[in-house]
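This report concerns only the one structure given below.
The values are calculated or read from the model by the stated rules, or taken from the named source; none is laboratory data. Model, not experiment: these values are computed from the prediction. Because the Cβ atoms are built from the backbone with ideal geometry, glycine has one as well, and the counts that use them run over all protein chains shown.
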Amino acid sequence: MNDMADETEARLNAHRRLFVSLLTIIAGDPKFHQALESLAHENETVGDQEEDPGAEPTRAFAIQGLANDEIRAILKDALARALARKRSR
């Protein structure tokens, strides 16, 4: 089982690196850079119990929150790399 988890983690890391690289290229274009910045600030899910203040947070909310965090982290990394590339030219 551990080999399967290691393989899955390696594949996810490869996908993340590829996404960051592709988004860095896209972010090099000023019209797309702004769109990616906007996307990085969006939130696809309802925060905690915003829809029902009395509800207990569920695992689904936690998973969606983690996914949103990862999307923002990927976009942040790509935007930072694009800015660094622009400065080094």
For Ile63, are the conditions met, namely being surrounded by 11 or more Cβ atoms within 10 Å (Cβ to Cβ), among the β-branched types (Val, Ile, Thr) and at pLDDT 95 or above? no
May I ask you to list pairs of residues, at least six apart or on different chains, whose Cβ atoms are under 9 Å apart, with the first in the range 19-43 being outside any helix (DSSP H, G or I) and the second being basic (Lys, Arg) and surrounded by 13 or more Cβ atoms within 10 Å (Cβ to Cβ)? Gly28/Arg85; Glu42/Arg72; Asn43/Arg72
